[in-house]
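Below is one structure, written out as structure tokens; the observations come after it.
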Amino acid sequence: MIDAGLPVRAFFTTRTGGQSQPPYASLNVATHVGDDPEAVAANRAVVARHADAPVTFLNAAHGVRVEWITEAGREPPPADVLITTTPGVALGAIAADCVPLLLHDGGTGAVAAVHAGRPGLYAGVIDAAMAALIDLRGKSTPTTSISASIGPSVCGKCYEVPEQMRAEVSARHRAAFATTSWGTPALDLPRAVEARLGELGVRTIVRIPVCTLEDQQVFSHRRDGLTGRHAGVIVHP
């Protein structure tokens, strides 16, 4: 597990310490990738023990849908943002190249788990998550008490995309514009997430310096194809 560096219990899982067999070895927490359901359940139990609470894992919709979670362990509908103000509820953002983002609002105590892939980032998923947190505390309240942790994700030197896609996304998120280490068009999603958070007034941003494509301790769909998923987990105190 990788500590998320936030003032509440929050961490990012790795691919070790679970029961899944190759190609999902070993701490795969996703139910939609073809892994043995019993192994996934056992892996999720490992994560729940580390969180000291049952974890509600999001089912990514690759958009901007926000879902409020009020009961521990409740299975949510498809969404890319899970938010709770209920003590003892743990939220999980599943990913394997996309950005798992964890948010904590020191003003209200609310926590959120966000899946920020390329489609969601372009559609405004960061804005949707921040808007939901701000709505809890009034739009005139400063966002400086909100802290964020950006988890393991594919970096701009590795995320090769077509030239037209780079142009389209970077027209909306200038910080996403990147070039691979071998000189082709790329997108830097974690940098774009960090930049957008800053534009929205977040001043405390932790960035976990792990590229999923380069680092074998985490899952990468772009590297391995058929594989598992890790997660960012945050717990409301």
ask   = If L226 satisfies every condition in (1) closer than 30 Å to P37 by Cα; (2) crowded, with 20+ Cβ neighbours inside 10 Å but one, which is the exception?
value = (2)
The stretch 58-80: number of residues that are under 15 Å from H236 (Cα atoms) and under 17 Å from the mean Cα position of the chain (by Cα) = 2
ask   = What single numbered condition from (1) surrounded by fewer than 20 Cβ atoms within 10 Å (Cβ to Cβ); (2) touching a Pro at 6+ places or on another chain (Cβ under 9 Å); (3) of a type in the set (S, T, N, Q); (4) farther than 30 Å from G88 by Cα fails to hold for Q217?
value = (4)
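Every residue, every condition in (1) on the phi > 0 side of the Ramachandran plot; (2) in contact with a strand residue (DSSP E or B) (Cβ under 9 Å, 6 or more places away or on another chain); (3) free of Cβ contacts under 8 Å to residues at least 60 places away in the same chain, yes or no:
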{"site": "E38", "(1), (2), (3)": "no, no, yes"}
{"site": "R44", "(1), (2), (3)": "no, yes, yes"}
{"site": "R49", "(1), (2), (3)": "no, no, yes"}
{"site": "V55", "(1), (2), (3)": "no, yes, no"}
{"site": "L58", "(1), (2), (3)": "no, yes, yes"}
{"site": "E71", "(1), (2), (3)": "no, yes, yes"}
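All of the numbers you see were taken from the coordinates with simple rules; none came from a lab. What you are looking at is a predicted structure, and each value in this text was computed from that prediction instead of being measured. Here Cβ is always computed from backbone atoms with ideal geometry, including for glycine, and neighbour counts include all displayed protein chains.
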